[in-house]
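To start, the structure under review is shown below, and the notes come after it.
The values are calculated or read from the model by the stated rules, or taken from the named source; none is laboratory data. The shown structure was predicted, so the numbers you read here are calculated from the model rather than taken from an experiment. Here the Cβ positions follow ideal geometry from the backbone for every residue, glycine too, while neighbour counts run over all protein chains shown. Heads up: the accessible areas ignore ligands, DNA and RNA and are worked out on the full protein's heavy atoms, side chains in. Shrake-Rupley method; radii C 1.70, N 1.55, O 1.52, S 1.80 Å.
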Amino acid sequence: MTADTLLARITDYANRPNPYALYAELREAGPVVRQADGSYLVGTYHEIAALLHDPRMSVDPRIRGEATHKPPFLRLDDPEHHRLRTLAMRPFGPPHSPGRVDAMRGEIARITEELMEVFQPGRQVDVVDDFAYPLPVTVICRLLGVPREDEPLFREWSDALVTSADVRPEEDSTERDRAGEQARIEMGRYLVDLAEQRRDHPSDDMLSAFVNEPDPALRLTSEELAETAVLLLIAGHETTVNLITNGVLTLLRHPEHLDQLRREPDLLPQAVEELLRYEPPVHMRERIPLAAIDVAGTTIPQGTSVVLVLASGNRDPKRFKEPDRFDPTRPDNEHLGFGSGIHLCYGAPLARIEAQAALGALLPHLGTARLVQDPPPYRQNAMLRGPRHLPIQL
């Protein structure tokens, strides 16, 4: 095995349960490693952090002709990214709506308690399907202002979108891609229609805030509104499901820390940060240099695919002491779990609250729980890495 096959090995499903030995190999091979397909991998913390903040690194797939229509702001560069992200953030967080996410704590606690009803002694529960998957979909529906009777629609659309994002190299994905695109269109259309119903008749939700923005210069177009709302659902959903599920798996594998958190629940916020470092929901991000750049002595040509392996940076011994040890009390934990720079995860504050609420509710039940399968079956997707199912016996 040579270093130029690392990306192929990392994305090989056989290595999904534990890619961390490959990440160690990547860091040892150098901060930057060219792959057989011409792409470059970057696996060390300080180089990844610098590139995430480098304005010469683009996220826009149109640069290489990979997209014809304008992508959502997640895949746009400044200044257009800044404009759309700023407009999307106005009803979501500081400085314009500083209390929006924090005010959701009570609602998130109620949704969590409803979902906890399946956690009965003697039962086998799938943490993904029964709990971690429905929680963020329901939260985002409430945040946007989707009527409760329509929430099942979002479960269906979300299913199709998540399935279409799950890469299976050996399988024909045509039908899955078509179903995913259809779900995206239907969801966008639904949300725009719902937003129009709230125009001049607002309630206390994000769709109402979007369409009743008094300044015309600060309003999203219908197309931008649809893209932003769908993005909020997909991006906020996938990462949170993985964060919660990886969290449960990690705690069950570390019973001493599970007991510690049961005794000291005030440590939960710190534990969630450590989970974002130790078992992050997003393992990789791609960037494209707008000009040739030098990274740690390696020149990367313009237009080349550069894969920033965030999960490898999170285990870099040059940045974190004993990086392969899970430590819920770890100090100075400036991880890359939500990325960094201008594309720092938009929904990070919400994901943190959801994970804290979810794990806090689960802690009393996990002391006597056991993993039915370890390692569990994982999603195919190497970039958004997490178990597809996590059966536990209560």
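Quick check on my filter: what residues within the range 324-351 are closer than 23 Å to R253 by Cα, touching a residue at least 24 places away in the same chain (Cβ under 8 Å) and not hydroxyl-bearing (S, T, Y)?
D324, F326, D327, P328, R330, N333, H335, L336, G337, A351
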For G303, the lone unmet condition from (1) touching a residue at least 24 places away in the same chain (Cβ under 8 Å); (2) in a strand (DSSP E or B) is (2)
Filter the range 39-73 down to residues that are part of a helix (DSSP H, G or I) and at pLDDT below 95 and give me whichever is surrounded by the most Cβ atoms within 10 Å (Cβ to Cβ). F73
Taking the range 314-335, which residues are surrounded by 20 or more Cβ atoms within 10 Å (Cβ to Cβ) and farther than 25 Å from Q260 by Cβ? D316
Restricting to the range 271-296, name every residue that is surrounded by fewer than 17 Cβ atoms within 10 Å (Cβ to Cβ) and either polar (S, T, N, Q) or under 24 Å from the mean Cα position of the chain (by Cα) (or both). E286
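Can you work out which of the residues in the range 81-129 that are of a type in the set (D, E) and open to solvent by 60 Å² or more (accessible area, probe 1.4 Å) is farthest from C141 (Cα to Cα)?
The selected residue is E117.
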Which ones in the range 232-267 are farther than 22 Å from P387 by Cβ and crowded, with 20+ Cβ neighbours inside 10 Å? L232
Check S208, S203 and return the single one that is over 25 Å from the mean Cα position of the chain (by Cα) and part of a helix (DSSP H, G or I). S208
Which residue, of R56, R62, R27, is of a type in the set (D, E, K, R) and either on the phi > 0 side of the Ramachandran plot or without any contact (Cβ under 8 Å) to a residue 60 or more places away in the chain (or both)? R62
